[in-house]
Amino acid sequence: MCGIVGYIGEKQAAPILIEGLRRLEYRGYDSAGIAIAGDKVTVVKEKGRIDNLQAEVDKIYPVGTVGIGHTRWATHGVPDNVNAHPHTSMNGVVTLVHNGIIENYIEIKNELIEKGYVFKSETDTEVIAQLFDHLFNGNAVETMIKVAERINGSYAVAMIVKGFEDKVFAMKKDNPMIIGTGNGENYIASDIPAILPYTKDCYIVKDNDFIELTKNSITVYGLDGNEKEFEVKSINMSVDSAQKNGHDYFMEKEIHEQPKAFRDTVSPLIKDGKVVLPFEFPKNFIKKLNRIYIVACGSAYHVGMTAKYIIEDMARIPVVVDIASEFRYRNPIINENDLCIFVSQSGETADTLASLRESKARGAFTLSIVNVLYSTIARESDGVIYTNAGAEIAVATTKALMAQLGVCYILSAFFAHAKGLMGDDILRKFTEEVLLIPDKIQRALGTDDITKEISAHIKDHQSMFFIGRGIDYPLCLEGSLKLKEISYIHCEGYGAGELKHGTISLIENGTAVVAIGTDDALLGKTISNIKEVRARGAWVIAIVKEGTQGIEEIADRVIYVPEASRYLMPSMTVVPLQLLAYHTTVAKGFDVDKPRNLAKSVTVE
């Protein structure tokens, strides 16, 4: 959600900033802008795509080797050129860009208006600029600290200060920011892909860090104004991971990278038929374990729901799955005998991070499953398991979700074994089957042709339903989410048994229904639900395991996926759901990677 990029060095800044912003497009945005410090600070910003900004920059071509840039996802104020970043204070003291939300901006804005400050935009960000202007004492770092003491909320801010145009300053709290180091040049970004072509050596900025950059130096200050030590780390991510490599869209590429993402994630967790976690639980913790909470948002929440079915059945541990934005406000009952698992692709999801901190404050052991190294959620958890999926650029998650599923399989087996419910031989057989899943995911990708054919039929539908039972139910929610978020077809996922409790009233002639039936124990009941909707005119797409008999007689289209044990079937089932959403969106002519109104990393509430 929003993106920041900054540069200071000897090269012209504008092209570097524009390229960096393009690499952050996946975060979601509706306007973009840059500020270049040369003889003066020149600001160029435009509503809409970066191509619009590029066209304006080409007209002016601002000259300068210092600059900051931003892609804005509108929160306070409509997306237009006035509300777009960067923002400059009334007296021209500072020009800045900001990710996050300032919660007390109205209070501060009213105070500054009384002091004679005139605001141009509707944004909370302009309050930071005007407050900096008002408090500026000639020392940019001291002023940043004073600003931080006044504002409440989350922020990553990069700024150019009048009189110090040969420097870039930055401050950060509860919003991601990295500093990239080079030879005679330094970079700022909200995410690693923005600066990958230039450097892999980065400092992951911590909360309440205040940064002063020159082209040859990085200085980090703490809230007390004193210099801090910091560590530059080399990021293991290739430039290719942020390129399409011949695919039409990142989502298509990432769907096809799922076998590798799964393998790279689970292989390090299995050794000689046993589960080896990259952290240790406290002594006797599993024996005392009372309850597991899984907290997440969006697709990660659906992974949590899937994990609940597996862990409860396999390890007999009660599992509560919560939406992060609800969990943090409902005064959850947590203590030191509970395990709280937080699932997040970015490791920066605002509600999930807040829930993590709440859980730690109540004494629970916290475990995160994240895809981004050194992210805030990963750093603040007691234990972390990284999903080695590589950079995921498309807004709609695919390979990161697949890797998260892999971690949940491994954790389920670990708990079952630790509690004595799974012997060594059974654990070995289970881990051996897990290691075979990448090949089955690859086979599931063979459903590409039939999902493409089906997409031509459903692309003009206004509404669809996904139904399933047991472990197939979370997949219904995920398939529904995938389709609606990128193709804009209204669709809902339901437990198939809930149809007769209201939903079936919406079924009429031609209504498309995706029915998932991979659980043998529940297949007969799912078939009954298929017959119910068919009797009312539904057009049914069934997703079942290879070898399932009789399904073609009651469904209009059947998609077969490779067979595995019931706990592992979600990894195969989710593939045609992803492909169906992808091909439908392509058929409708929409941008698959950048759906409207959505952001990849949701770093505000």
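For this structure, a couple of remarks:
- Strands (runs of 3 or more DSSP E) fully within region 19-83 counting 3 or more residues that are open to solvent by 30 Å² or more (accessible area, probe 1.4 Å), at pLDDT 90 or above and closer than 20 Å to Tyr7 by Cα: 41-47
- Test: residue in region 268-276 that is open to solvent by less than 60 Å² (accessible area, probe 1.4 Å), outside any loop (DSSP other than H, G, I, E, B) and out of contact with any strand residue (DSSP E or B) (no Cβ under 7 Å at 6 or more places or on another chain): yes
- Restricting region 500-532 to residues that are in contact (Cβ under 8 Å) with a residue 40 or more places away in the chain and in contact with a Leu (Cβ under 7 Å, 6 or more places away or on another chain), the residue that is farthest from Ser571 (Cα to Cα): Asn529
- Conditions (1) open to solvent by 40 Å² or more (accessible area, probe 1.4 Å); (2) touching a Leu at 6+ places or on another chain (Cβ under 9 Å); (3) of a type in the set (Val, Ile, Thr): number failed by Thr125: (1)
- Every listed requirement among (1) on the phi > 0 side of the Ramachandran plot; (2) modelled with pLDDT of 95 or more is met by Val320 save one, (1).
- Summed over region 572-599, the residues that are buried (at least 24 other Cβ atoms within 10 Å of the Cβ) and either small (Gly, Ala, Ser) or not in a helix (DSSP H, G or I) (or both) give a count of 1.
- Here Ala354, Ala418, Ala364 are screened, and the one residue that is open to solvent by less than 20 Å² (accessible area, probe 1.4 Å) and touching a residue at least 24 places away in the same chain (Cβ under 8 Å) is Ala364.
- Considering residues of region 329-361 that are in contact with a Leu (Cβ under 9 Å, 6 or more places away or on another chain) and in a loop (DSSP other than H, G, I, E, B) only, the residue farthest from Lys308 (Cα to Cα): Gly347
- Which numbered condition Val147 misses (of (1) without any contact (Cβ under 8 Å) to a residue 12 or more places away in the chain; (2) buried (at least 20 other Cβ atoms within 10 Å of the Cβ)): (1)
- The residue list Gly502, Gly497, Gly446 contains one member that is more than 14 Å from Ile541 (Cα to Cα) and touching a Lys or Arg at 6+ places or on another chain (Cβ under 7 Å), which is Gly497.
- For region 367-389, a residue qualifies if it is assigned to a loop (DSSP other than H, G, I, E, B), at pLDDT below 95 and surrounded by fewer than 23 Cβ atoms within 10 Å (Cβ to Cβ), and the qualifying residues are Leu373, Tyr374, Asn388.
- Boolean, Leu475 is at pLDDT 90 or above, in contact with a helix residue (DSSP H, G or I) (Cβ under 9 Å, 6 or more places away or on another chain) and under 15 Å from Ile516 (Cα atoms): yes
- Residue check, Lys452 assigned to a helix (DSSP H, G or I), open to solvent by less than 10 Å² (accessible area, probe 1.4 Å) and farther than 21 Å from Ile527 by Cα: no
- Some residue of region 445-466 being farther than 15 Å from Tyr582 by Cα and of a type in the set (D, E, K, R): no
The values are calculated or read from the model by the stated rules, or taken from the named source; none is laboratory data. As the structure is a computational prediction, the values presented were derived from the model and not from experiment. Ideal geometry is used to build each Cβ from the backbone, glycine not excepted, and the neighbour counts take in all protein chains shown. We work out accessible area using only protein heavy atoms, side chains counted, and drop any ligands, DNA or RNA first. Shrake-Rupley method; radii C 1.70, N 1.55, O 1.52, S 1.80 Å.
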